[in-house]
Amino acid sequence: MSDRDRKQRFQQGPQKGRDSGRNQDRWQDKGQGRADRGRRPPRHGRDGGDGPAILYGWHPVTLALANPNRTIRKLWLTENAARRLAEEHIATRVTPELVRPEIIDRRLGPDAVHQGMLAEVDPLEAPDLDDLPHDGMVLVLDQITDPHNVGAILRSAAAFKVNAVITTNRHSPEATGVLAKSASGALELVPIIAVPNLARALNQLNDQGFMTVGLDSEGSENISAVPLSAPLALVLGAEGKGLRQLTRDTCSAVARLDMPGEIKSLNVSNAAVLALYIGASKLGLMS
């Protein structure tokens, strides 16, 4: 079977033939590299826009396919990826389009490790702050803009069963593309709540009984010595800048992560892992 025949097998309706090529080019012009350019996203959550998110790679796409709350708009697969999905009995939910790897390369850029899978999906709806459980932990990110770091933090949050990640509408990366790939499927597991004002959101958490602990190198004591209690919100600041002053002032406590070695600071995603481990251990969540 030729590449053209295989492609037509997976197309439907008006996507066939020339119209398909024009639609693909139009999609590529609008969407190519959006995650890497850092433009304003369609937000992942209730306050966001209606635009699609782009997921690529095995874990982000297959977990999205398995999530009944995720609407799949379009799915592009290479022949090998389609075969692997079939072998592992993973339903595609929509009729995929079978394409050559270079087609996905052209849409995402040469550095994207897509593993032959690309999906266009609707953003997920996020809970309200007042709907958060009063046990366990949430993470609060104060203007952390690197999508790789936020994706890695989300992956760790999923590993520690964090109830939500709270971030800002502005100065935060879109929940798509690079972030989704770095999160390795965690977008389907941990809600992201985007808020317009972080200090106001922290005050709301304080009023709801959360212990809000900011992580900062200038914290008064080591977080391992702080008597943490649930519900717990751990607040992380951007690398270099750290927590903004208003964020620090709004937290119920500000603590530091002491390191025994010569290097006293960690990448923010690594600091998140360590803080989550300490928090989960003190709250009895590790058993």
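Please verify whether Val165 is in contact with a helix residue (DSSP H, G or I) (Cβ under 6 Å, 6 or more places away or on another chain) and open to solvent by less than 30 Å² (accessible area, probe 1.4 Å), treating the condition exactly as stated. Taking the combined requirement at face value, the residue satisfies it. Taken together, Lys181, Lys241 contain a single residue that is surrounded by 22 or more Cβ atoms within 10 Å (Cβ to Cβ), of a type in the set (D, E, K, R), more than 19 Å from Asp135 (Cβ to Cβ) and touching a residue at least 60 places away in the same chain (Cβ under 8 Å), which is Lys181. Of Leu189, Leu154, Leu139, all but one fail to be surrounded by fewer than 21 Cβ atoms within 10 Å (Cβ to Cβ) and under 14 Å from the mean Cα position of the chain (by Cα); the exception is Leu189. Pairing residues of segment 193-208 that are over 19 Å from Val254 (Cβ atoms) with residues that are among the acidic types (Asp, Glu) and outside any helix (DSSP H, G or I), at Cβ distances under 9 Å and at least 6 apart in sequence or on separate chains, gives Ile193/Asp47; Ile193/Asp128; Ala194/Asp47; Val195/Asp47; Pro196/Asp47.
Give segment 245-287 a look and list any residue that's of a type in the set (A, V, I, L, M) and open to solvent by 90 Å² or more (accessible area, probe 1.4 Å), or say none.
To start, the set of residues in segment 245-287 that are of a type in the set (A, V, I, L, M) comprises 246, 253-255, 257, 259, 263, 266, 268, 271-276, 278, 280, 283, 285-286.
If the condition is that a residue be of a type in the set (A, V, I, L, M) and open to solvent by 90 Å² or more (accessible area, probe 1.4 Å), then Leu246, Ile263, Met286 are the ones that fit.
Being at pLDDT 95 or above, at positive phi and either of a type outside the set (Lys, Arg) or surrounded by fewer than 16 Cβ atoms within 10 Å (Cβ to Cβ) (or both) is a description that does not apply to Gly214.
Out of Ala271, Ala238, Ala233, Ala255, report the one residue that is under 15 Å from Ser217 (Cβ atoms) and in contact with a helix residue (DSSP H, G or I) (Cβ under 6 Å, 6 or more places away or on another chain). Reasoning before the result, please.
Details: Ala271 fails: in contact with a helix residue (DSSP H, G or I) (Cβ under 6 Å, 6 or more places away or on another chain); Ala238 fails: in contact with a helix residue (DSSP H, G or I) (Cβ under 6 Å, 6 or more places away or on another chain); Ala233 fails: under 15 Å from Ser217 (Cβ atoms).
From the options Ala271, Ala238, Ala233, Ala255, the qualifying one is Ala255.
The values are calculated or read from the model by the stated rules, or taken from the named source; none is laboratory data. Remember, predicted model here, so these are calculated numbers, not experimental data. Heads up, the Cβs are rebuilt from the backbone with ideal geometry, glycines too, and the neighbour counts pull from every protein chain shown. In case anyone asks, the SASA skips ligands and DNA or RNA and just uses the protein heavy atoms, side chains included. Shrake-Rupley method; radii C 1.70, N 1.55, O 1.52, S 1.80 Å.
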